[in-house]
Amino acid sequence: MTSLLVIIVLVLLAVALWQLTKIFDLTQVGSTSDSSQVANDKDNHLQGYLMFGFLAFLYIFTIYGLIAWGNLPLHTPASEHGGQVDHLMNITWVLIFIVQAITQVLLYYFAFKYKGKEGQKALYFADNNKLEALWSIIPAVVLAGLILYGLYAWTNIMFVDEDEDTIVVEVYAQQFKWTARYAGADNVLGKANVRYIEGVNTLGVDLSDPNAQDDIVVSELHIPKGKKVHFKFRSQDVLHSAYFPHFRAQMNCVPGMVTEFAFTPTYTTAEYRDLPYMIEKVSHINDLRAKKSAELIAKGQPGLDPYAFDYLLLCNKICGASHYNMQMKVIVDSPEDYKKWLANQESLVKQVKASLEQPAEGAAATEGEVKKDTVAAADTVAVAVK
Ligand SMILES: [Cu+2]
């Protein structure tokens, strides 16, 4: 509501300004000043300097942005291939920065140098083959180099040796949560299909498949440091995108197909929390939180808990109303801790069995109630008919 009012006020202000300039123009009729619609030398001169002014604004804003927000991009990568992705990204940034700096200066300098002058006619200039070759070949070579390097990095990152000893984990996307399934001791995921979704079997695992017998379904992702994890992604409903920012990994989750990505974590959660940059970042966040918390407590509301860093799996496709909150905690353990954690997880088959045994009485009671309700409804109808 407030933003609507602000928009209305801004529109009204703009209309008022427009009307004021019209009135101002009308008051100038008959005066000695030049009211011609054709630009004169003075106008061109002013426009030329304004061009320089805009150039200065562009550079000042860029430098300000780098100082004010330069610490926001992702820092140390937490996966083996992460360095390659960052390197490619940095090269791209530097190239864009250099090209932008040169082309913008030329653009605004020429606009100033060749501004209109009374009596001066523009020169008809058909083409210049040398110049055109130069500005076609240089970008083509630079772009081809960038793309080739990108393709090389991509194939390198995406290559998973089938014989390599990896941990197979399925990441299942649905509006608006993530669930993970571990392949268990056989390291082969059981088949799954949306038609098998029932009760606690929320991923539709085919429970008759021998490979599914040891599958483990969890809502918190644990992976060990230094071991390649082979992720297989599925989606139940719409297109999602599994995004692990700290590991520099992202893959679309497409309904009806399985997509893959593999990476090796290089820092445990505890080690990453101890990185100097992370300690500084977390203490800054907690300073802000403490201030906010004090304000909330003063108002009689509950305060905020201090923040602790955790790796996250986020959804990076706008998939619906709660997309912003579609996330799962990722914990990188030491190999020993990972083994301990995994040993404590119950297989899906056991969970399904337990769920079938437990609520059997509850289900029977509900069924009985439904029957009673139906009888009551039938009685009401009978009364109405009478
Ligand atoms: Cu999503």
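Table for the structure above
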{"read-out": "Count of segment 81-122 residues which are among the charged types (D, E, K, R) and either within 28 Å of the chain's Cα centre (by Cα) or closer than 30 Å to W154 by Cα (or both)", "value": "1"}
{"read-out": "Filter pass, K22 being in a helix (DSSP H, G or I), more than 20 Å from E118 (Cα to Cα), at pLDDT 85 or above and basic (K, R)", "value": "yes"}
{"read-out": "Residue in segment 248-257 that is away from the ligand (no atom under 16 Å from the Cβ) and among the β-branched types (V, I, T) present", "value": "no"}
{"read-out": "Out of A111, A183, A153, sole residue that is touching a strand residue (DSSP E or B) at 6+ places or on another chain (Cβ under 7 Å) and surrounded by 13 or more Cβ atoms within 10 Å (Cβ to Cβ)", "value": "A183"}
{"read-out": "Pair list, Cβ under 9 Å, 6 or more apart: segment 234-253 residue in contact (Cβ under 8 Å) with a residue 24 or more places away in the chain and at positive phi, other residue hydrophobic (A, V, I, L, M, F, W, C) and in a strand (DSSP E or B)", "value": "R248/F263"}
{"read-out": "Unique match (being more than 29 Å from the chain's Cα centre (by Cα) and at negative phi) among A270, A321, A308, A343", "value": "A343"}
{"read-out": "Residue among F176, F125 that alone is touching a His at 6+ places or on another chain (Cβ under 8 Å), of a type outside the set (A, V, I, L, M) and either at pLDDT 90 or above or loosely packed, with under 10 Cβ neighbours inside 10 Å (or both)", "value": "F176"}
{"read-out": "Whichever residue in segment 307-358 is assigned to a helix (DSSP H, G or I), among the polar types (S, T, N, Q) and modelled with pLDDT under 90 and, among such residues, is nearest to the ligand (Cβ to nearest atom)", "value": "Q351"}
{"read-out": "Residue match in segment 296-306 (condition: in contact with a Phe, Trp or Tyr (Cβ under 6 Å, 6 or more places away or on another chain), away from the ligand (no atom under 16 Å from the Cβ) and not aliphatic (A, V, I, L, M))", "value": "no"}
{"read-out": "Search result, residues across segment 301-343 that are closer than 24 Å to P77 by Cα and hydrophobic (A, V, I, L, M, F, W, C)", "value": "A308, F309, L312, L313, L314, C315, M326, M328, V330, I331, V332"}
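The values are calculated or read from the model by the stated rules, or taken from the named source; none is laboratory data. Source: prediction; values computed, not measured. Because the Cβ atoms are built from the backbone with ideal geometry, glycine has one as well, and the counts that use them run over all protein chains shown.
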